[in-house]
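The values are calculated or read from the model by the stated rules, or taken from the named source; none is laboratory data. The model shown is predicted, which means the values in this text are computed figures rather than measured ones. Backbone-built Cβ (ideal geometry, glycine too); neighbour counts: all protein chains shown. What goes into the accessible areas is simple: the full protein's heavy atoms, side chains included, and nothing from ligands, DNA or RNA. Shrake-Rupley method; radii C 1.70, N 1.55, O 1.52, S 1.80 Å.
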Amino acid sequence: AEFAPSSCGLDLRQLRGQTQQTGIGPLDASKGSAEAVANKLATKRLLKGISYGPTPLLSPGVLPKDDFFSDASKSQWGFRGRGDLHIMRSLGANTVRLYGNDPNEDHSDFLDLANKLGLGVIPSISDLPYVQSVQRCGTANKCTCYAQVKDAYRRNLERGLLLPDRSYHPALEYVISLNEPDSKLSQTGFPALSFAGSVVSGIDGILDAEKEVGVVGAKPNITVIVSFANCRSCTQIQQHPAIAQMWVLRDAMHNPSKYGIAPRNNLAEFYRTRFTNSFNAVGTSVDITKWLSSSYEKEFPHTPVFIAEYHSPDDPHKEEDLTGILALAEASPLLLGVNFFEFQSRYDRRGQAGWGMFDPALPLGDDMLGADGFGTETGPGSSSVKDMAFFGKHLRVPCLRPTRDIFTHKSLAQIVAAAYGGPMLDEKQLCTLNPMKELTDSGGFDRIWMAVNATSMSLFIARVVEHMGGNVLRGVPLSFAKDYVSETATFAALVSALQKQPSWAAWSKKPACVVDRDELKDNVISAVKLACDSGKVECNAIPNDCRKSIWDQASWVFGSYYHNMSRQSSTPLEALSHCYFNGA
């Protein structure tokens, strides 16, 4: 918990309700004039994304789930964790493309933080209803996926994709119905009919799930990501990569009975107003330029498209190529942009070790051992690795080590940042202690103190001041911070000095104890239970307006606890102990 001017959990750092500009919608086929194309081009948001599937495993293995935008993975993407979303934003990315998705898990925290940082989110419906669960639908003799996908998507809507008013979360950019159905759902003998029927019936289920929960307001476009490969079993346009698969999907939405589907919604209208094409590509901007002009623009003159995965490890000119593909997208009325594949190399699966901007690395003493077995020096204050309770499995979250382009020896992160226009990443700070993340207690102080860095200590002290109800005006004086990296400095001495309310900070007369929105949700739930069990606050009296989320509940409980304790105490309370709750 921490101090802030707040009431009933109305935390000033609440993220919801902020507006995120969404991507371009599909061109209206009835307005396919040059003027309409020009208007769409003028309002298009260039997609500069990063594919994100950061498994913490450093060797082949299987995780209980692969949902890396759930609360269970917050130690990786959250600010108090490794800070993956902040890293992506620092590289200039404006979108994060996701993979696994457990519809039983809440995803609102990830979406809230992404929205705060200006990152759009492209989540994918899980493969479970299609090919992995017992009730899977993607088989040759059971190609309709309506019921399975509707059920999964309804649960997604109720667990984060919608705001309390039933409008879509503003961070959502697109929703992926399925990734590469042409390879996952193809059945020997009639692959095109099989995957198209499964996908289109699933989209029908998505639309009915929206109706059943009463979605209001603007809705994100739906996409189906296809392979950038020829479809030899498709009946049309077999010679152009991805085009045949896209043609079959469009045909299925306009002629569903041909594919054994009897939809409940007007899928032809849906295709015209809410569908976006997408594909995964291992190629170069030269390849895509040729494909776009010779194939795509002729066959789909009114349907936008984006590249869901883009990276060619064997290309010796990666920076020029990534800059080139973005220039192509900026000039094109149809190509929306790309997602660089990928954020972190994966060592739990064969074939994905050389693709990531970062390698996972665990510290061993003063050295770092990467997934490839090579150590790198990290110096004093080298970081702790976070722990993560991931769906019943205790895991260590590895630090990140930049990977290098074999041709230029630049880090891939630098290459992406240069193309995306990011301010660049201080790679030396990836696995060092971060004073903005350490808990404001004696343990956090000791870890910062060990680094003997007055600048880091000044940032830590500023957070302690905020926790005590103050606000640092122009930064903690370096002369003050230097006293607390000396050999004799202690956390108790620092607290004692701050209790005198030095003039370089403004101090609130009536601060409130509120929840730390960057903390792990499980820790917050435990802290609320601890406060309620203490007998110092009547948790049955939480107002209805403060029951909308665990964050609102926690701020009310923590604030009431501190207020009640203050009334019972004859001396002012010490905020760091009475408004702390194990950091929550």
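Overall, the accessible surface of the stretch 224-270 at a probe of 1.4 angstrom is composed of carbon and sulfur to the extent of 44 percent. The length gained on full extension between ARG350 and ASP533, counted as 0.36 nm times the residue separation minus their Cα-Cα distance, comes to 61.0 nm. Taking the accessible area of the stretch 373-503, probe 1.4 Å, and keeping the other protein chains in place, the carbon and sulfur fraction comes to 53%. About its Cα centre, the dipole of the stretch 457-584 is roughly 340 debye, where the only charges are +1 on Lys and Arg Cβ and -1 on Asp and Glu Cβ.
For the pair the stretch 50-95 / the stretch 250-277, the C-alpha centres are spaced 34 Å from each other. Note on ALA492/ARG159: beta-carbon distance plugged into 1/(1 + (r/R0)^6) with R0 of 35 Å gives a FRET efficiency of 0.20. Per-residue surface analysis assigns PHE407 an accessible area of about 90 Å², computed on protein heavy atoms at 1.4 Å probe radius. Heavy-atom accessible area, probed at 1.4 angstrom with all protein chains present, ranks HIS317, HIS467 as HIS317, HIS467, highest first.
Counting only protein chain heavy atoms and rolling a 1.4 Å probe, the accessible areas of PHE228, PHE341 rank, largest first, as PHE228, PHE341.
Rolling a 1.4 angstrom probe over the protein heavy atoms with all chains in place gives the stretch 206-360 an accessible area of 38 Å² per residue. Mean sequence separation of contacting Cα pairs (under 8 Å, at least six apart), scaled by the length of the stretch 503-584, corresponds to a relative contact order of 40 percent. Counting charges near ALA481 (Lys, Arg +1; Asp, Glu -1) among other residues having Cβ under 14 Å from its Cβ returns a value of +2.
Computed over the stretch 518-584, the range of Cα coordinates on each principal axis works out to 34, 24, 18 Å, biggest value leading. Entry comment: accessible area of the stretch 443-561 is 51 Å² per residue, from protein heavy atoms only and a probe of 1.4 Å. From largest to smallest, the equivalent ellipsoid semi-axes obtained for the stretch 409-551 from the alpha-carbon gyration tensor read 32, 25, 15 Å. A convex hull fitted around the alpha carbon atoms of the stretch 473-584 yields 146 Å³ per residue.
May I ask which residue of PRO423, LEU433, MET450 lies farthest towards the positive end of the charge dipole of the stretch 410-500, with charges of +1 (Lys, Arg) and -1 (Asp, Glu) on Cβ and the Cα centre as origin? Of the listed residues, the answer is PRO423. Give the Rg/Rh ratio for the stretch 441-524, taking Rg as the radius of gyration of the Cα atoms and Rh as the Kirkwood radius, to two decimals. We get a ratio of 0.98 for the stretch 441-524.
Computed over neighbours whose Cβ is under 11 Å from that of ARG154, the net charge equals -1, Lys and Arg +1, Asp and Glu -1.
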